[in-house]
């Protein structure tokens, strides 16, 4: 029997990453898997005012920070929720005008945080005892690979077929094209080609785990708010109007190959477990911005396949 | 870029905020804006000496509760409402318990209120036009429509057909209807205002004396004899306010579930939660005061007392042979102006606003059933979203069928539904638990609290504001529960009459115990599913 813990889409949240590192011990899991989207989306400038205080503006709030200690506390809180922070003056902030400058800023912070995470992972995880895997997702830039490959304890699974205690895991961090044209968005054709290439290396699909960031289209795993042309969610009777946004290539691959288990992320709003043929497909969703580790605990049996599973909120 | 508060890189999921106005209208219309036309009958009948206009001020008690829910919805912007807040702050079993009784209470109202718009909206308006115009055909038609089987037929079509269709349609129809509901709520107030300004009390008295078969002064005398209290008393006004009027606000917090799924909700939630209460207070205060101005508070309360006691002095023109014999305000208007157009429009306002609120009342229960299923406390079937409808079909079916059972009870066993109305106590029991969750949240879930947006971190005297609001919520809920329970506490009503509350409180316990042992047998206990992983 193999107890696998899967989480995804931590988007730079310090708290969620640290919880994931501790999940093996907490849940009694034999294997840890992180399904992509490691990096954060936003950076909050903490403006140093001439009088020695600081100001941070985010989520519609203006936070006045009277001391260094207060500033550090807010920075820690923001990091817990996946924001990066940068101390700067109002003039320095105003000087950041071009997309290139913003990208450089993000690249530096993403690199610093991932370097720190690699150190933490190597310190806390014994790969001989608890195999652990992570990979970049569609939101992660190409340079993230450098950091994802740097850990001795956590293996970058992206684009690989790996053996885990009698099971195989096929991993792919891409997703189909999104309205935002993210770094690792690919066309459905490209997605299908990549999955097929990896699937050809799988010896036994009945013992294979698909770890594919983008969920299959038209299932309960891929419903996201429908956006209008201005990226504003549209309304529906039950609140937001939800539409399927998953990958048809992933759906087709699961139908065709019928792996034992398929693990997905990407769509934070829509976590569930569904069956596509014989395959149990799970999207754990994500609440990284609240510091909540959403995950899935799956008990696998060599003979019985998936013995049980649960969606966790940790 | 430099003008932005934060720097944002290209990544998925970055969406704009839902319109605060949408959230406001949605929250405002969920509690029926024109239920006040019903409560002006019941509240003074049961709490003699109440002044309904002043009683509206007791809605201020709901603001701290709205504040607590605002804090929670901003701290944990997820669907599921009280279930999520309590589960994460205290324990999933308590979350289920509180949200179950709150949900079933909402669903029970859905069933009961379907009968309201038929009885008082359709039939009451037809009868009023008939009486005003001495048209026996219309009165007969109203009486025929009041028959049990006719109400069953129309109500069934409404719940199983129209409401279900609306849930599955998956369009923006509901939001449009919310705007219409709020607009027609105000239109009803404008009509009342027109009656007061253009006609006034004298016209009402003349019309009543001419058409009712009795006269104004006789009603006042008979009403007093029947127990009507003309003097305004604080205690009766308070009880009317904290029971019927505060009860009328329930549903205005449903926006927490709606806007909870997207980020940046603090502004829209604040507007929805507090603004909706302000709109409701304005409409209800206007409705009560205008009806008092037109008819006279003493007269109106006399009529209520005569109706409640089945007094012989109760005007025959109000009495319906099958149902709906209460002195519904449309009839008062009929004595002033018999115009079918105006009376019909006023009746239509009540029908539309009430019918839309039914759909609103089912919103949170559907989401809650979905959330329980998602957490595997009930079968996962209920959290399946049918791709064809893009809706949680089984959750909708469960809610609709439960509502329909309550509707059948309303039609065939109104005596049972009368007990079910006490289920409102269950709602506030749920909010007592919510209040406790608010009190302990910053301490039990420190990392969640500290990771919340800055607006949720405020403290007063070193104590987190959310804890203070939690305490106030618990105290207010206990107070309102006491007010509703007063007849039981004083021995005027048997405790056995609260059996719906006992049933509603017992069912979630049974559900949780079954789920606990089932998942334990499968190797992943529920307790592990919800336990907190330490970050350090």
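Rule-based calculations on the coordinates, nothing more; no lab input. Values in this document were obtained by computation on a predicted structure and should not be read as measured data. Glycine also receives a Cβ, built like all others from the backbone with ideal geometry; neighbour counts cover every protein chain displayed.
Assuming a ≥ b ≥ c are the square roots of the Cα gyration tensor eigenvalues, decide whether the range B:222-361 counts as rounded (a/c under 1.5), prolate (otherwise, with a/b larger than b/c) or oblate. It is prolate, given that a/c is not under 1.5 and a/b is the larger ratio. Take every pair of alpha-carbon atoms less than 8 Å apart whose residues are at least six positions apart; their mean separation over the length of chain A yields a relative contact order of 20 percent.
The tail of the calculated P(r) for the protein assembly as shown beyond 37 Å holds 48 percent of all Cα-Cα pairs. The helix-only estimate of mean residue ellipticity at 222 nm for chain A, built from DSSP H runs of length n ≥ 4 each weighted as -39500 (n - 2.57), is -8500 deg cm²/dmol after division by the residue total. When the distances between all Cα atoms of the range B:38-84 are binned every 10 Å from zero, what whole-number percent does each bin get? Binned Cα distances yield the sequence 22, 31, 21, 23, 3.
Backbone N atoms of the range A:36-73 closer than 17 Å to the 7 Å Cα→Cβ label point of residue B:459 belong to residues A:64-73. Seen against the Cα atoms of chain B and their longest principal axis, helix B:465-489 is set at about 40 degrees.
Evaluate E = 1/(1 + (r/R0)^6) for residue B:325 and residue B:381, where r is the Cβ-Cβ distance and R0 equals 45 Å; express this FRET efficiency to the nearest 0.05. Between residue B:325 and residue B:381 the formula returns 0.55.
With both partners inside chain A, how many of the DSSP beta bridges are antiparallel, as a percent to the nearest 5? Provide the component values of the computation, followed by the final result.
Numbers: 38 of 67 bridges.
The antiparallel fraction comes to roughly 55 percent.
The range A:66-134 and the range B:206-230 have their alpha-carbon centroids 76 Å apart. Classify the range B:102-214: rounded, prolate or oblate, from the alpha-carbon gyration tensor (a ≥ b ≥ c, eigenvalue square roots; a/c under 1.5 rounded; otherwise prolate if a/b is larger than b/c)? Oblate shape, in that a/c is at least 1.5 and b/c is the bigger or equal ratio.
Summarising the label geometry, the points placed 7 Å from Cα in the beta-carbon direction at residue B:225 and residue B:489 lie 3.6 nm from one another. DSSP bridge analysis restricted to the protein assembly as shown gives an antiparallel fraction near 60%, rounded to the nearest 5.
A compact globular protein would have a Cα radius of gyration near 2.2 N^0.38 Å; the ratio found for the range B:23-127 is 1.35.
Using only DSSP helix segments of four residues or longer, with each worth -39500 (n - 2.57), what per-residue ellipticity at 222 nm results for chain B after dividing by its residue count and rounding to 500? Kindly include the intermediate steps, with their values, before the conclusion.
Details: 27 runs with 355 residues, N = 536.
Helix-only estimate at 222 nm: -21000 deg cm²/dmol.
What FRET efficiency comes out for the pair residue A:142/residue B:190, r = Cβ-Cβ distance, R0 = 41 Å, nearest 0.05? The calculated FRET efficiency here is 0.05. Let me make sure I get this right: for the range A:120-207, a, b and c are the square roots of the gyration tensor eigenvalues over alpha carbons, sorted descending. Under 1.5 in a/c it's rounded, otherwise prolate if a/b > b/c, else oblate. Which is it? Oblate is the answer for the range A:120-207, as a/c is 1.5 or above yet b/c matches or exceeds a/b.
What is the extension gain from residue A:190 to residue A:55, computed as 0.36 nm multiplied by their sequence separation minus the C-alpha to C-alpha distance, in nm to one decimal? Show your work: numbers first, answer last.
Values: separation 135, 0.36 × 135 = 48.60 nm, distance 4.52 nm.
Once the chain is fully extended between residue A:190 and residue A:55, it gains 44.1 nm.
Modelled this way, with points 7 Å down the Cα-to-C-beta line, the labels at residue A:98 and residue A:229 are 3.1 nm from one another. Tell me the Kirkwood hydrodynamic radius of the range B:195-258 in angstroms, computed as one over the mean inverse distance between distinct C-alpha pairs. Hydrodynamic radius (Kirkwood, Cα pairs) of the range B:195-258 is 15.4 Å.
Using Cα pairs closer than 8 Å and at least 6 residues apart in sequence, work out the relative contact order for the range A:159-309, in percent. Working shown, then result.
Values: 320 pairs, mean separation 30.2, N = 151.
It comes to 20 percent, rounded to a whole number.
Treating each Cα of chain B as an identical point scatterer and ignoring solvent, apply the Debye formula and state log10 I(q)/I(0) at q = 0.08, 0.09, 0.10, 0.11 Å⁻¹. Result of the Debye calculation: -0.53, -0.67, -0.81, -0.97.
Given 37 °C and 0.692 mPa s, how large is the Stokes-Einstein diffusion coefficient of the range B:374-447 in µm²/s, with Rh as the Kirkwood radius over Cα pairs? Calculated translational D: 209 µm²/s. The antiparallel fraction among DSSP beta bridges confined to the range A:157-237 stands at about 40%. At R0 = 60 Å, how high is the FRET efficiency between residue B:149 and residue A:128 if r is their beta carbon distance? Nearest 0.05 is fine. For R0 = 60 Å, the calculated efficiency reads 0.20. Taking 0.36 nm per residue of sequence separation and subtracting the Cα-Cα distance, how much length would be gained by fully extending the chain between residue B:532 and residue B:140, in nm to one decimal? Full extension of this stretch gives 134.6 nm more.
Placing a label point 7 Å from the Cα of residue B:413 along the Cα-to-Cβ direction, the residues of the range B:474-504 with a backbone N closer than 15 Å are B:497-504.
For the pair the range B:55-105 and the range B:280-297, the centres of their Cα atoms are 30 angstrom apart.
Given contacts defined as C-alpha pairs under 8 Å and at least six residues apart, what's the relative contact order of the range B:21-100, whole-number percent?
Numbers: 28 pairs, mean separation 10.3, N = 80.
This gives 13 percent for the range B:21-100.
The modelled label-to-label distance for the pair residue B:198/residue A:256, using points 7 Å beyond Cα in the direction of Cβ, is 7.2 nm. Take the alpha carbon atoms of the range B:327-352, find their center, do the same for the range B:408-486, and report the distance between the two centers in whole angstrom. Comparing the Cα centres of the range B:327-352 and the range B:408-486, I get a distance of 38 Å.
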